[in-house]
Amino acid sequence: MVCANINSPVGVLGLTADSENLQSLRFMPAGTRLKSSRDPIINDVIEQLKHYFSDPLTLFSINPVNSGTQYQSSIWAFLRTIPSGVCLTYGDISKAAGGSAQSVGNACRCNPMPIITPCHRVISASGLGGFSGQTSGRYMEIKSWLLEHEKQSISEN
């Protein structure tokens, strides 16, 4: 496994890859030291993230490893079809992909690659919902930032 910690507009992101695929993207705690990598997979992900942060209409060409259950993997695949700047509710996704709104929320909470698999584009019927298992604090600030970043780009085009 190779790892890198990179700076981003939403804080330090931790990337982990094996010899073939990106394994995870995590939001690292404040104060986490940056760590570079010479790994081509990690460097490709870093370049794609840079493009996304400068233009959120950028499409990721990362083939994520599905480390979850069959249901989680199907929800994550569905999330990757949601265009930048578009939000769907947990209920919308449950109607389209099966399961309940709660099971969609649980799949989002377990997402190993937020931003790349854009669970931030999933909201509740009555507000923002949660993000990475949190309903307040830093993770909700990140979700709000990502949605605003995408919204501004859409309105500019």
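The values are calculated or read from the model by the stated rules, or taken from the named source; none is laboratory data. Since the model is a prediction, treat every value here as computed from it, not as a measurement. Please note: Cβ atoms are built from the backbone with ideal geometry, for glycine as well, and neighbour counts cover all protein chains shown.
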Take S73 and decide whether it is without any contact (Cβ under 8 Å) to a residue 24 or more places away in the chain, in a loop (DSSP other than H, G, I, E, B) and under 23 Å from A17 (Cα atoms). no
Tell me, please, whether a residue that is surrounded by 11 or more Cβ atoms within 10 Å (Cβ to Cβ), within 14 Å of the chain's Cα centre (by Cα) and either under 23 Å from T81 (Cα atoms) or aromatic (F, W, Y) (or both) can be found in the stretch 29-44. no
Identify the single condition in (1) at pLDDT 95 or above; (2) on the phi < 0 side of the Ramachandran plot; (3) not in a strand (DSSP E or B) that S155 does not satisfy, given that it satisfies every other one. (1)
Give me the pairs, please: first residue somewhere in the stretch 9-38 and outside any loop (DSSP other than H, G, I, E, B), second residue anywhere and among the aromatic types (F, W, Y), beta-carbon distance under 8 Å, and either six or more positions apart or on two chains. L13/F27; G14/F27; F27/Y139
Determine whether S136 is under 16 Å from the mean Cα position of the chain (by Cα) and outside the structural domain of M28 (by TED's automatic domain parsing). no
For Y90, the lone unmet condition from (1) in contact (Cβ under 8 Å) with a residue 12 or more places away in the chain; (2) closer than 28 Å to D55 by Cβ; (3) surrounded by fewer than 16 Cβ atoms within 10 Å (Cβ to Cβ) is (3)
